[in-house]
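To start, the structure under review is shown below, and the notes come after it.
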Amino acid sequence: MNGPAGFEKAPDGAAWLDGFPAKDGVTLISENRPFQHNEADYDSQYYNQDSNESGTGIVNLLRQVKCDFRGPILELGCGTGVATLGLCKAAESPWLLITDASTAFIEIVRKKMMHRGMDLGRVRFAVLSDADLDRLPPQSVSAIVLRSVVHHFLDVPGWIRSAARLLRPGGAIVCEEPCASGYLNMGLIAQAVAENEANGLWAEQRAQARLLADTMKAYNRRDMDKSQWEDKHLFRPEEMAEWTDAAGLHLTFIPNAAFETFATRHEGELPKTDFPEFFRNYLHYCMNFGPESAARIAQAALPLCRWVAEACAGTREPHLMGIFVMRKPQESVFERKRSGAQAPPGPSH
Ligand SMILES: C[S@@+](CC[C@H](N)C(=O)[O-])C[C@H]1O[C@@H](n2cnc3c(N)ncnc32)[C@H](O)[C@@H]1O
């Protein structure tokens, strides 16, 4: 027994986890890979609140797509637990495997859960990197959930194939990720703002606008070696559909929706994203420019942001972010073909 109470014994059906080494109650499937920014500062940078309802939203969304909850839920990239806490409370799965590539993040989440007196009997923690999914047994989980994590993975199509192998029939992967069209619009607007010397911005703020433009351009490019970068990609629904299809999964894309949206709304019309406001918040929190610079750059960008918003009126574009739901059919023809097995007798569906 080398971990805190409640962490030594695997929940039912989790025995395969015990094949991996463990330290202080955390299963070590991968090597520790620290985040490129200080893990302890993460919550304050993004103003993360305990009241965030992403976890409840994830569970509602999984219910809505009729995900089979009989197996465990795997979370990758839990970070400081923005989705994890709600997920562990709301999920009706037998147990949950909460993971991150960084042990520091796992420690933060575990402490938060213990301080809040949450029941950890169903929860296991592990260090797990995207490239090591094949170390887990096939068809071992019912759902894989990721909030703002897949854009950190180097080989996304390869990751989707490995994740599909892990899913039980009737299971689903859900992820919330940044999308190309909206981010490219932000980049183009930032470039125009940076080049305009008559818009009243200080030189430092024009440099910040240029940094945003360069960052958006770099995220979108696919011709660079990103192996050492933290954030790597932006996503396009048609490309995700192709990769998902190749892995034998079925994709549903929900544009400009966040997991939190589903905490209260299960069906029907989704709220619209306010493009100028998203632009300002991105400068403030994601680029970390602070409220004053964010407000000034956003003000200089307002006519162009409004132009984009008007041009997209009546559509759900530009896609700034979105939820990708990848479902594995109950009976996977794809896997049957791959294994060479005969179709079972009976009517086809
Ligand atoms: C933007 S943070 C999101 C954290 C959390 N899910 C949230 O919503 O706040 C990205 C997370 O992915 C993790 N991560 C980065 N690269 C990873 C990889 N290759 N494999 C697994 N996790 C990774 C990071 O350690 C970090 O916790």
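Any residue that is basic (Lys, Arg), touching a residue at least 12 places away in the same chain (Cβ under 8 Å) and away from the ligand (no atom under 11 Å from the Cβ) - is there at least one of those in segment 87-99?
yes
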All positions within segment 85-106 that are in a helix (DSSP H, G or I) and under 18 Å from PHE35 (Cα atoms):
THR103, ALA104, PHE105, ILE106
Give all pairs with beta carbons closer than 7 Å in which a residue from segment 129-149 that is of a type in the set (Lys, Arg) meets a residue that is open to solvent by less than 10 Å² (accessible area, probe 1.4 Å); count only pairs at least 6 apart in sequence or on separate chains.
ARG135/ILE29; ARG147/SER54; ARG147/ALA83; ARG147/PHE259
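Of the residues in segment 172-201, how many are closer than 17 Å to ALA241 by Cα and in contact with a strand residue (DSSP E or B) (Cβ under 9 Å, 6 or more places away or on another chain)?
The number of residues fulfilling the criteria is 9.
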Filter pass, VAL109 being in a helix (DSSP H, G or I), closer than 21 Å to ASP43 by Cα and within 12 Å of the ligand (Cβ to nearest atom):
yes
Of the criteria (1) within 16 Å of the ligand (Cβ to nearest atom); (2) buried (at least 17 other Cβ atoms within 10 Å of the Cβ); (3) of a type in the set (Phe, Trp, Tyr), which one TRP229 fails
(2)
Helices (runs of 4 or more DSSP H) wholly inside segment 151-253 containing at least 2 residues that are among the aromatic types (Phe, Trp, Tyr):
none
Counting only residues that are in a helix (DSSP H, G or I) and either open to solvent by less than 80 Å² (accessible area, probe 1.4 Å) or in contact with a Pro (Cβ under 7 Å, 6 or more places away or on another chain) (or both), which one in segment 20-43 is farthest from the ligand (Cβ to nearest atom)?
ALA40
Verdict on VAL127 being under 16 Å from VAL65 (Cα atoms), within 16 Å of the ligand (Cβ to nearest atom) and modelled with pLDDT of 95 or more:
no
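The values are calculated or read from the model by the stated rules, or taken from the named source; none is laboratory data. Please read these numbers as outputs of a predicted model, since none were measured by experiment. When we count neighbours, we look across all protein chains shown, and the Cβ atoms used for this are built from the backbone with ideal geometry, even at glycine. The accessibility values were calculated without ligands, DNA or RNA, using every heavy atom of the protein model including side chains. Shrake-Rupley method; radii C 1.70, N 1.55, O 1.52, S 1.80 Å.
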